[in-house]
Amino acid sequence: MVLLHGSGDPAIRRFEPRQPDDSSEFGNRRAVFAADDGLWPMSNWHEQA
C-alpha cells in the first residue's frame, strides 16, 4: 500500500508522530496522518503552506 502526505516537502525522509491542534475525536491523537487517496493530501496542502 502506498500512503501519501500533504506536506508539499519532497525532502522528508522520516515521519514522526505529532499531536495536532485538533479537538475532534479523529484528529485529537498523536499520530502520523496520511491517506491512500491521491487527491485528499493535495487538497489539504494549501492549508498548511
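Any chance you could run the full-extension gain for F26 through H5? It's 0.36 nm times the residue separation minus the Cα-Cα distance, nm to one decimal. Write out the running numbers ahead of the final one.
Numbers: separation 21, 0.36 × 21 = 7.56 nm, distance 1.69 nm.
This chain segment gains 5.9 nm when fully extended.
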Name the long-range amide H neighbours of S7: under 5 Å, sequence gap of 5 or more, or other chain; modelled H, no Pro or chain starts. none
So for the pair R14, A35, with labels modelled 7 Å out along Cα→Cβ, what separation do we get in nm? 2.7 nm
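Any read-out appearing in this document is the output of simple, stated calculations on the displayed coordinates, not a laboratory observation. Only a predicted model underlies this, so the values are computations on that prediction, with no experimental measurement involved. As a convention, Cβ positions derive from the backbone with ideal geometry for all residues, glycine included, and neighbour counts pool all protein chains shown.
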